[in-house]
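Peer 1: This is the structure, below, for whatever I ask next.
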Amino acid sequence: MLKVGIDIGGTKIAGGVVDGEGRIVEKLRVDTPIDTAVLADAVIDMAHHFSAHHDVAAVGVAAAGFIDRDRATVIHAPNIAWRNEPLKAVLEARIDVPVTIENDANAAGWAEFRFGAGRDVEHMVMLTMGTGVGGAVVIDGELFRGGHGIGAELGHMRFMRDGLPCGCGQNGCLEQYASGRALQREANAIADAGGIGAALAAVRAEKGTITGPAVSRLVLAGDEGALEALRRVATALGEACGGFQAVLDPELFVIGGGVAQLGDELLQPVRLAYETSLPGYGDRPIAGFAIAELGNDAGLIGAADLASAEE
């Protein structure tokens with residue numbers, strides 16, 4: 001059975017036809033329109049293109065934001081002007097197969113659970129380190145959504161009392177300390193301080209800014225300033241994972257997003273902070289850590305797999 005998965009990002013819409021084994025048969029990408037009506041048209045056009053060339057049973061759409069428990073309405077989206085948007089109804093009115101709406105982090109986490117790094121466990125937490133921190137939780141082989149459909153917003157756990165302001169309207173959320181954006185902020189602070197920040201300061205002087213890829217290149221080159229910036233961000237993530245372990249007791253944490261491309265350079269300080277944050281450490285089972293395997297395709301693969309062919 002073939003299904004379509006469409007992942008709506010802040011800048012790009014990625015869509016694909018996905019088979020029952022999580023393999024992408026065909027894939028497309030287009031820019032994300034700012035106007036919500038034009039955006040809906042782009043999603044519908046993509047679905048029509050795939051349906052014209054493949055026998056498609058259902059369409060799954062992943063988007064950042066709070067999705068209601070019926071997987072039909074976008075209650076709130078951070079980067080798109082959707083507030084209580086009946087997206088499922090809008091799309092199904094012009095698409096001839098059933099449509100399912102899903103949170104983008106849930107979709108990516110489900111893909112890793114089904115076909116990627118988490119395929120051998122039944123209890124998994126995924127954390128995606130991008131602009132913010134996305135979260136997904138799988139318990140007993142089922143995606144956890146909570147009583148209102150908007151559970152597992154792990155990046156918006158309050159990590160620091162009276163901390164940095166977050167785009168969600170609160171202060172001190174985890175994503176302000178453990179995201180790609182946090183890595184850039186720490187790199188800039190270290191550059192400002194001089195000393196081990198000399199290479200970071202040189203990059204900023206040449207390029208005008210310190211990008212995430214620039215920090216990653218310096219990390220892989222062994223630069224002390226970049227490694228310190230990464231250690232700070234990884235420590236925040238690891239400490240949070242210790243808390244998640246106390247509540248959810250997963251077998252595995254899967255780490256995705258751009259920062260995760262650093263592999264063991266990231267995971268080593270994450271594990272250290274996790275272990276030292278665990279209640280009862282030394283006398284209890286601990287979780288494994290793995291880097292996500294499906295990359296930027298995870299959202300569309302998960303959205304397709306979660307799409308229901310039955311109304």
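The values are calculated or read from the model by the stated rules, or taken from the named source; none is laboratory data. Since the model is a prediction, treat every value here as computed from it, not as a measurement. Because the Cβ atoms are built from the backbone with ideal geometry, glycine has one as well, and the counts that use them run over all protein chains shown. The accessibility values were calculated without ligands, DNA or RNA, using every heavy atom of the protein model including side chains. Shrake-Rupley method; radii C 1.70, N 1.55, O 1.52, S 1.80 Å.
Peer 1: Could you pull out the residue among 135, 118, 141 that is of a type in the set (Gly, Ala, Ser), modelled with pLDDT of 95 or more, more than 24 Å from residue 32 (Cα to Cα) and surrounded by 24 or more Cβ atoms within 10 Å (Cβ to Cβ)?
Peer 2: 118
Quick grid of which residues meet (1) surrounded by fewer than 24 Cβ atoms within 10 Å (Cβ to Cβ); (2) modelled with pLDDT of 95 or more; (3) of a type in the set (Val, Ile, Thr):
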position: 66; (1), (2), (3): yes, no, no
position: 71; (1), (2), (3): yes, no, no
position: 77; (1), (2), (3): yes, no, no
position: 81; (1), (2), (3): yes, no, no
position: 84; (1), (2), (3): yes, yes, no
position: 88; (1), (2), (3): yes, yes, no
position: 92; (1), (2), (3): yes, yes, no
position: 97; (1), (2), (3): yes, yes, yes
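Peer 1: Any residue in the range 47-59 that is within 16 Å of residue 308 (Cα to Cα) and modelled with pLDDT of 95 or more sitting within a Cβ distance under 8 Å of a residue that is crowded, with 22+ Cβ neighbours inside 10 Å and among the aromatic types (Phe, Trp, Tyr)? List the pairs, counting only those 6 or more apart or interchain.
Peer 2: Going by the 8 Å Cβ cut-off, the qualifying pairs are 56/50.
Peer 1: Then there is this: Just need a number here: residues in the range 223-238 that are within 22 Å of the chain's Cα centre (by Cα) and surrounded by 21 or more Cβ atoms within 10 Å (Cβ to Cβ). Walk me through it before giving the result.
Peer 2: Taking the range 223-238 and keeping what is within 22 Å of the chain's Cα centre (by Cα), we get 229-238.
Checking the rest, the ones that are also surrounded by 21 or more Cβ atoms within 10 Å (Cβ to Cβ) come to 229-230, 233-234, 236-238.
Selection size over the range 223-238: 7.
Peer 1: Output the residue which, of all residues in the range 1-16 that are without any contact (Cβ under 8 Å) to a residue 60 or more places away in the chain and open to solvent by less than 60 Å² (accessible area, probe 1.4 Å), is nearest to residue 79 (Cα to Cα).
Peer 2: Across the range 1-16, the extreme among qualifying residues is 13.
Peer 1: Quick test for you: out of 220, 200, 164, pick the one residue that is open to solvent by less than 50 Å² (accessible area, probe 1.4 Å) and not small (Gly, Ala, Ser).
Peer 2: 200
Peer 1: Could you list, in sequence order, all residues of the range 76-118 that are touching a helix residue (DSSP H, G or I) at 6+ places or on another chain (Cβ under 7 Å), under 18 Å from residue 51 (Cα atoms) and assigned to a helix (DSSP H, G or I)?
Peer 2: Of everything in the range 76-118, those that are touching a helix residue (DSSP H, G or I) at 6+ places or on another chain (Cβ under 7 Å), under 18 Å from residue 51 (Cα atoms) and assigned to a helix (DSSP H, G or I) turn out to be 90, 91.
Peer 1: Which of the residues belonging to the range 18-66 are polar (S, T, N, Q) and within 23 Å of the chain's Cα centre (by Cα)?
Peer 2: 32, 36
Peer 1: Answer with yes or no whether residue 190 is in contact with an Asp or Glu (Cβ under 8 Å, 6 or more places away or on another chain) and either closer than 23 Å to residue 297 by Cα or surrounded by 16 or more Cβ atoms within 10 Å (Cβ to Cβ) (or both). So that I can check it myself, show each step before the final result.
Peer 2: Numbers: in contact with an Asp or Glu (Cβ under 8 Å, 6 or more places away or on another chain): yes; either closer than 23 Å to residue 297 by Cα or surrounded by 16 or more Cβ atoms within 10 Å (Cβ to Cβ) (or both): yes.
When the stated conditions are applied, residue 190 passes them.
Peer 1: Only residues that are charged (D, E, K, R), assigned to a helix (DSSP H, G or I) and over 11 Å from residue 291 (Cβ atoms): list them for the range 233-264, please.
Peer 2: Matches in the range 233-264: 239 only.
Peer 1: In the range 21-67, which residues are over 19 Å from residue 299 (Cβ atoms) and part of a loop (DSSP other than H, G, I, E, B)?
Peer 2: The answer is 34, 35, 54, 55.
Peer 1: Could you please give the count of residues in the range 167-202 that are outside any helix (DSSP H, G or I) and touching a Leu at 6+ places or on another chain (Cβ under 6 Å)?
Peer 2: 1
Peer 1: Within the range 203-217, which residues are in a helix (DSSP H, G or I) and open to solvent by 50 Å² or more (accessible area, probe 1.4 Å)?
Peer 2: If the condition is that a residue be in a helix (DSSP H, G or I) and open to solvent by 50 Å² or more (accessible area, probe 1.4 Å), then 204, 205, 206, 207, 213, 217 are the ones that fit.
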